[in-house]
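Engineer: Right, I'll just put the structure down here and ask away after.
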Amino acid sequence: MLLFSARRASSLVLSSCALLFAVAACSSSSPEGSGSSSGGSSGTAQNDGGPKPEEEGPLQPRAVCNTVAADSATGQGCSGSGSGQELCPVASTTCGTGTCVYDTRLDSTFRFYCAPTCTVGGDQLCPLGFACAAPTASCAQGTAGLCARDAAWTCNAAIDTTGLRYFEGPTGDLFALKSLSGKATLSVLADKTLRELASWDEASASVVAVLPLGATRGLLITTDKEIAFDTASATVAARQGARSYNQVFGTLADGSIASLETTGTIGFAALQKRGESGQWTEVGPTKKRIGRVLALRSGFLANTDGELSVSSDGETFTAIAAPPGATLKDATFVAAGRSTEDFYLALAGHLYRFRKGAWVEEGPRGGAPVAGRSDILRVSTKNVVAFHSWNGQSYSSFIASGTTCWRTNQVRDFEQGTLAGESFFLSPGASSRDKGLCQVPAK
C-alpha cells in the first residue's frame, strides 16, 4: 500500500521555477532561469497555445544558416582610433579571428567593438544582431565588408536596470520585477519605458514562477506573493500553499495551475492544484516515479525511471519514444514548448523537436554536457526558439523563427538575455559601452 504523507513544515523554503511564457525548461533540480537578464542553466517554460501557419504541414528540420565564422570576442569592446568616418576597420590584437570596428552610425558617440568581416553582397549571413555593411569609402578595401551592429539593436540608457529580473508575459510583452531594500515593484515595458503596475513590501522578492491565467493575464509567484497581472494592472496577494526547493509549477491541459514536488531523486511526486481563489489543494501522488521533471506551456515532461514521459494532468504520465538513437539513462536534458504534443528537447548536444508523435533532429549541434554549463532552451509566445549550448569557452546561440534556418550568435553572455516576443532583451555589464536596457530582434 502506498502511503502518501503531508509535506514537512520545515520545507517552507524557496520553490524551484516555472516560467511558462518564453518557454524554456523548468526542473525540480535547477534554479529558475530568469536572472537580471533572464539567465539560468536549464531555462524555463513559456509559449502561446495557438497553431502557427508553418506547423500545419509535415514536420521538417531546419538547418543552421550559412554564416560567416565568428568567435566569442564578437561584440566585445576593443581599442583603436578613428575620426571623420562612419564605419571603418581598425587594427587591433584583441579581437580574436575578427577585426576591431569603428562605428558611429547608431548614436552620437564613437563605438569600438569586435566583429567578423564579410563579403558585401555575398551569400553568408552575419551573426544575429549584425549585418554586412560596406565601410566608409575612405577606408574600404574592395568587396570586404564588416559585420556591423544592426540598426535594430537599440539600447535605452534612460532605463535603470539595477535590481531588475525580466520575464515574458502571456502576450509577448517584457515585464520586470525589481527588489531593493525590502520593496518589490512589477513593471511592464511600454513606449520604451518601464511603467509601474504594482509595488509591495517583500524582503527579498525573486521570480519563482510565471504562469498563464487565460489568454492575456498571467500569474507571477515570488518568494512570498502571488501577483495576477496583465499589461494594464496587477493585483498582489499573499502566497499560499507549501514551498519546497523541489517544486515545479505548471499549467495543466484544462488551464488550471498545478505544482509537482519531487523527492529530489527518483520517487513519487506530490501534486497540488491551485483554485480560483488562490488556495492550493493537495491532490495526491503521481502514478509513476519521477526523476527530472520540466514544465511545458501546457503539461509536464519527465524522466520516469529512464523513460521519457508526458502528462497533461500532472498525475498520469505516459511514456513516449525517445528520439532515434538517444537514451535518457543518466542524461540531463532540457525541454521547452507549447504542449505535451509539441515541444523541443535538448539532449547530449543535440536538439530535437517532437510534434504529434514524430521526432525530427534540428540543425544546431551543441557541445558535450559540462557540469555547471547546462544547455538553455527557450520558446517565446511568438514561436521564436533559442538554443544556447556551451562550446568549451562560451555559449553558442542558435535562434529560429518560423520555417527559416537557425541564425547563430557568439556574443558573450547573449544566453543571459530574456527572450520576449520576437526580441532579446539584455542588461549590459559595467564594462560595456552599452547602457540601460538593450533590445535585439531575434530575426
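The values are calculated or read from the model by the stated rules, or taken from the named source; none is laboratory data. Quick caveat: nothing in here was measured; it's all calculated off a predicted structure. Using ideal geometry, Cβ is built from the backbone for each residue, glycine included, and neighbour counts are taken over all protein chains shown.
Engineer: Tally time: how many residues in segment 209-229 are within 20 Å of THR381 (Cβ to Cβ), in contact with a strand residue (DSSP E or B) (Cβ under 7 Å, 6 or more places away or on another chain) and not aromatic (Phe, Trp, Tyr)?
Structural biologist: 12
Engineer: Among (1) surrounded by 17 or more Cβ atoms within 10 Å (Cβ to Cβ); (2) within 25 Å of ILE399 (Cα to Cα); (3) at pLDDT 90 or above; (4) in contact with a Leu (Cβ under 7 Å, 6 or more places away or on another chain), which single condition is VAL310 missing?
Structural biologist: (2)
Engineer: Still on this structure, please answer the following. Which of the residues belonging to segment 330-369 are within 19 Å of LEU252 (Cα to Cα), charged (D, E, K, R) and either touching a Lys or Arg at 6+ places or on another chain (Cβ under 9 Å) or modelled with pLDDT under 90 (or both)?
Structural biologist: ARG338, GLU341, ASP342, LYS356, listed by residue number.
Engineer: Of all residues being over 25 Å from the mean Cα position of the chain (by Cα), at pLDDT below 90 and part of a strand (DSSP E or B) in segment 129-185, which is surrounded by the fewest Cβ atoms within 10 Å (Cβ to Cβ)? Just the residue, please.
Structural biologist: Taking the candidates together, the pick is GLN141.
Engineer: Among the candidates THR381, THR403, THR418, THR408, which residue alone is touching a residue at least 24 places away in the same chain (Cβ under 8 Å), out of contact with any strand residue (DSSP E or B) (no Cβ under 8 Å at 6 or more places or on another chain) and β-branched (Val, Ile, Thr)?
Structural biologist: THR403
Engineer: Kindly indicate which of ASP434, ASP375, ASP413 is within 19 Å of LEU189 (Cβ to Cβ), of a type in the set (Asp, Glu) and crowded, with 17+ Cβ neighbours inside 10 Å.
Structural biologist: Values: ASP375 fails: within 19 Å of LEU189 (Cβ to Cβ); ASP413 fails: within 19 Å of LEU189 (Cβ to Cβ).
None of the others qualify; the one that does is ASP434.
Engineer: Could you check segment 335-443 for strands (runs of 3 or more DSSP E) lying wholly inside it with 3 or more residues that are among the small types (Gly, Ala, Ser) and closer than 22 Å to LEU125 by Cβ? Steps first, please.
Structural biologist: On the way: elements: 342-347, 350-355, 358-365, 376-379, 384-390, 395-401, 407-409, 418-420, 423-426, 437-441.
Passing ranges, in order: 395-401.
Engineer: Which residue, of ALA63, ALA69, is surrounded by fewer than 19 Cβ atoms within 10 Å (Cβ to Cβ), within 25 Å of THR404 (Cβ to Cβ), out of contact with any strand residue (DSSP E or B) (no Cβ under 6 Å at 6 or more places or on another chain) and modelled with pLDDT of 70 or more?
Structural biologist: Details: ALA63 fails: out of contact with any strand residue (DSSP E or B) (no Cβ under 6 Å at 6 or more places or on another chain).
Residue meeting the stated conditions: ALA69.
Residue-by-condition table, conditions (1) hydrophobic (A, V, I, L, M, F, W, C); (2) without any contact (Cβ under 8 Å) to a residue 60 or more places away in the chain; (3) in contact with a strand residue (DSSP E or B) (Cβ under 7 Å, 6 or more places away or on another chain):
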site: ASP150; (1), (2), (3): no, no, yes
site: ARG165; (1), (2), (3): no, no, yes
site: PRO170; (1), (2), (3): no, no, yes
site: LEU177; (1), (2), (3): yes, yes, yes
site: LEU189; (1), (2), (3): yes, no, yes
site: LYS192; (1), (2), (3): no, yes, yes
site: GLU196; (1), (2), (3): no, yes, yes
site: ASP201; (1), (2), (3): no, yes, yes
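Engineer: Quick check on GLY275: is it surrounded by fewer than 18 Cβ atoms within 10 Å (Cβ to Cβ) and at positive phi?
Structural biologist: Taking the combined requirement at face value, the residue does not satisfy it.
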